[in-house]
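**Q** Got a structure for you, questions after.
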Amino acid sequence: MASRACLAAAVAASSRGGVSAFGTSSIGRSGMMARSLSTISSNNRFSSYPSTTSTSYAINKSELSNRISSVAPSRSFQLNMSTVAAGATTARRVKTAEAEVSEEQVSIKGWVRTVRKQKTLAFVEVNDGSNMSGIQCVLPFDTVDEDTMKEIDNLTTGCSVHAIGQIIKSQGGKQAVELSASSLRIVGECPGDTFPLAKKRHSLEYLRTIAHLRPRTNTIAAVARVRSTLAGSIHKFFQGEGFNYVQTPLITASDCEGAGEMFRVTTLDIDDVASLPRAKDDEGKELAGVDYAEDFFGKAAFLTVSGQLGGETHACALGDVYTFGPTFRAENSQTTRHLAEFWMVEPEMAFADLTSAMDNAEAMLKACVGDVIEKCDEDLEFFGKFFDKGLKARLDKVVSKPFVRCEYRDAIKYLQEEIEKDPSKWQFPDVEFGTDLATEHERWLAETKFDSAVFVYNYPKSIKAFYMRDNDEDGGETVNAMDLLVPGVGELVGGSQREERMDVLVEKMKELDLDVEDYWWYLDLRRFGSVPHAGYGLGFERLVTYVCGIENIRDAIAFPRYPGNAEF
């Protein structure tokens, strides 16, 4: 088959080798953050523009609001106006999470969790995904209509239903309110003999094999709600701090990390090896590699491992920006901490240094965790009961306790002193300056040494990425970089002050055998109006696992991608 340019991008793991040095990261609280370096701000107002005298534009706020509402049905209208399948009864739809006692007839729509039939009535637990508990629908046989009686006999776990009735105070002790239903209709049947989610606890490993259905379980639904809250909180925090949201490309020709663990994107017909264009030397002799000048983009292209480099371009014009999107890494890892496709939150701040980045990361994390504590209490109670007994206390500490800051050299000294007591307790007992800290080292620092989230900073240059600024005070032996370590997880955030000096950056790129020509646009930022700037990256799925107290990162994303798995 000939290569296809439309929707035929074949993705293959690049095998250039190397070890990734890029960490994860996080961000801060509402309210303006303190900066270590001076910032320049502007306050442009639309009022400086001349007002129009045209009657077609002279609309006051009230009239404009009326015009909009007359043509665009609001969400409340769309939810409130619902009609039961049989009969002309209309009722306002309510989410089970918002159900309150009322004399009003309301509509509940969701999926059946359990059905219990007695002589005079039936109990149907319905969950619409808005909360953990759902709502119990009580159907007295002497008051429901004839069609409802027929439907009750066909109810099964998993079927979707639409019930109408009145929210009343519950007669039982398990829930505060329940629906006294007058009508119920099955919207979608669910064969009980083949439905793979019987009413019992399933292992998370099994649920990954039915990822399309697992959101109907308590665990994955709770993870999804917490994840949604965290995502909204991240945007709220940065928007409140005056950051601009930038969408950086997923397809790139640059390796941000210099590690080579990238997925290749191509439209060349890799199934027909003989048809692949071969690279040639200056004399026209064929070489071993493929000539990607013949490919769709005219050069080798990959899925990005980070939006940072693109974010820096806008930070050097807009001041403060952040990206929040998917990234990819072809790392052949089957650990509980790694995914091949994951989301990153990456702020970049102009006129800022490493202290600015740490301040911002601490404030962001406190704000986001605080929002989850406030909005997802029922889900956190569930996670605390079944996954992490100390979860709530740990999250409360994140919000209330200042983060510790510790230099890398001191962290190594503390570890050496502890390991010396009994090296046999450690999987990696050899720790010295230049050691890339393992998870057991990170967790000991956060959980035992400091009992707190802790920033470790000023790492050796040899174990960090090329774009991190060399420290002048030790002759460039270390870079102005940091990792945020948290109890229960280890590294959650990784960041640095970026190298803004053109000559130093070029030399570092050459040392790592990076093609300077591939980064010409990145170097232009240093040629034209370079400024000190800093940023960090937060691995979003790691944050989700941390806040939920779950162990495996594959349960923190809807459809996990990892070596050997790209289902659904």
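The values are calculated or read from the model by the stated rules, or taken from the named source; none is laboratory data. Fair warning: this is a prediction, and the values are worked out from it, not measured in the lab. So basically every Cβ, Gly included, is an ideal-geometry build from the backbone, and we count neighbours across all protein chains shown. Areas reflect the complete protein model, heavy atoms only, side chains present, ligands, DNA and RNA absent. Shrake-Rupley method; radii C 1.70, N 1.55, O 1.52, S 1.80 Å.
**Q** Kindly indicate whether ALA446 is open to solvent by less than 10 Å² (accessible area, probe 1.4 Å) and assigned to a loop (DSSP other than H, G, I, E, B).
**A** On the way: open to solvent by less than 10 Å² (accessible area, probe 1.4 Å): yes; assigned to a loop (DSSP other than H, G, I, E, B): no.
Answer is no for this residue.
**Q** Identify, from the list LYS375, LYS421, the residue that is touching a residue at least 60 places away in the same chain (Cβ under 8 Å), open to solvent by 70 Å² or more (accessible area, probe 1.4 Å) and among the basic types (Lys, Arg).
**A** Details: LYS421 fails: touching a residue at least 60 places away in the same chain (Cβ under 8 Å).
The unique qualifying residue is LYS375.
**Q** Quick check on this structure: which one of PRO215, PRO191 is open to solvent by 30 Å² or more (accessible area, probe 1.4 Å) and assigned to a loop (DSSP other than H, G, I, E, B)?
**A** Working: PRO215 fails: assigned to a loop (DSSP other than H, G, I, E, B).
The unique qualifying residue is PRO191.
**Q** Go through the range 98-126 and give me each residue that's farther than 15 Å from SER180 by Cα, among the polar types (S, T, N, Q) and in contact (Cβ under 8 Å) with a residue 60 or more places away in the chain.
**A** Of everything in the range 98-126, just one residue is farther than 15 Å from SER180 by Cα, among the polar types (S, T, N, Q) and in contact (Cβ under 8 Å) with a residue 60 or more places away in the chain, namely THR114.
**Q** To continue, here is another question. Identify, please: which residue in the range 127-160 is of a type in the set (Asp, Glu), touching a Gly at 6+ places or on another chain (Cβ under 9 Å) and assigned to a loop (DSSP other than H, G, I, E, B) and is, among those, surrounded by the most Cβ atoms within 10 Å (Cβ to Cβ)?
**A** The extreme case among them is ASP128.
**Q** Also, quick follow-up: Output the qualifying pairs, or none if there are none: Cβ atoms under 8 angstrom, residues six or more apart or on different chains, first residue in the range 223-244 and under 23 Å from VAL321 (Cβ atoms), second residue open to solvent by 10 Å² or more (accessible area, probe 1.4 Å) and of a type in the set (Ser, Thr, Tyr).
**A** As it stands, the answer is HIS235/TYR245; LYS236/SER30; PHE237/SER30; PHE238/TYR245; GLN239/TYR245; GLY240/SER30; GLU241/SER30, since those pairs meet every condition given.
**Q** Just to be sure before I move on: is ALA465 at negative phi, among the aliphatic types (A, V, I, L, M) and assigned to a helix (DSSP H, G or I) in the structure I sent? Explain how you work it out, then say what you get.
**A** Values: at negative phi: yes; among the aliphatic types (A, V, I, L, M): yes; assigned to a helix (DSSP H, G or I): no.
So ALA465 fails the test.
**Q** Ok, one more. Within the range 381-400, track down each residue that is touching a residue at least 24 places away in the same chain (Cβ under 8 Å) and not charged (D, E, K, R).
**A** Within the range 381-400, PHE382, PHE383, GLY384, PHE386, PHE387, LEU391, LEU395, VAL398, VAL399 meet the criteria.
**Q** Next question. Among the residues of the range 311-336, write down those that are surrounded by fewer than 18 Cβ atoms within 10 Å (Cβ to Cβ) and within 20 Å of the chain's Cα centre (by Cα). Steps first, answer last, please.
**A** Initially, the range 311-336 is screened for residues surrounded by fewer than 18 Cβ atoms within 10 Å (Cβ to Cβ), giving 313, 317-318, 325-326, 332-336.
If the condition is that a residue be surrounded by fewer than 18 Cβ atoms within 10 Å (Cβ to Cβ) and within 20 Å of the chain's Cα centre (by Cα), then GLY325, PRO326, SER333, GLN334, THR335, THR336 are the ones that fit.
**Q** While we're here: Scan the range 351-370 for residues that are outside any helix (DSSP H, G or I) and either under 30 Å from ALA566 (Cβ atoms) or acidic (Asp, Glu) (or both) and jot them down.
**A** ASP353
**Q** Among the numbered criteria (1) in contact (Cβ under 8 Å) with a residue 24 or more places away in the chain; (2) part of a helix (DSSP H, G or I); (3) open to solvent by less than 60 Å² (accessible area, probe 1.4 Å), which single criterion is violated by GLY434?
**A** With respect to (1) in contact (Cβ under 8 Å) with a residue 24 or more places away in the chain; (2) part of a helix (DSSP H, G or I); (3) open to solvent by less than 60 Å² (accessible area, probe 1.4 Å), GLY434 is out only on (2).
**Q** Scan the range 454-475 residue by residue and report those that are open to solvent by less than 10 Å² (accessible area, probe 1.4 Å) and of a type in the set (Gly, Ala, Ser).
**A** Within the range 454-475, ALA465 is the sole residue that qualifies.
**Q** Keeping to the range 337-350, report how many residues are part of a strand (DSSP E or B) and within 16 Å of the chain's Cα centre (by Cα).
**A** If we filter the range 337-350 for residues that are part of a strand (DSSP E or B), which is where we start, we get 341-350.
Then drop every residue that is not within 16 Å of the chain's Cα centre (by Cα), which leaves 341-347.
Final tally of qualifying residues: 7.
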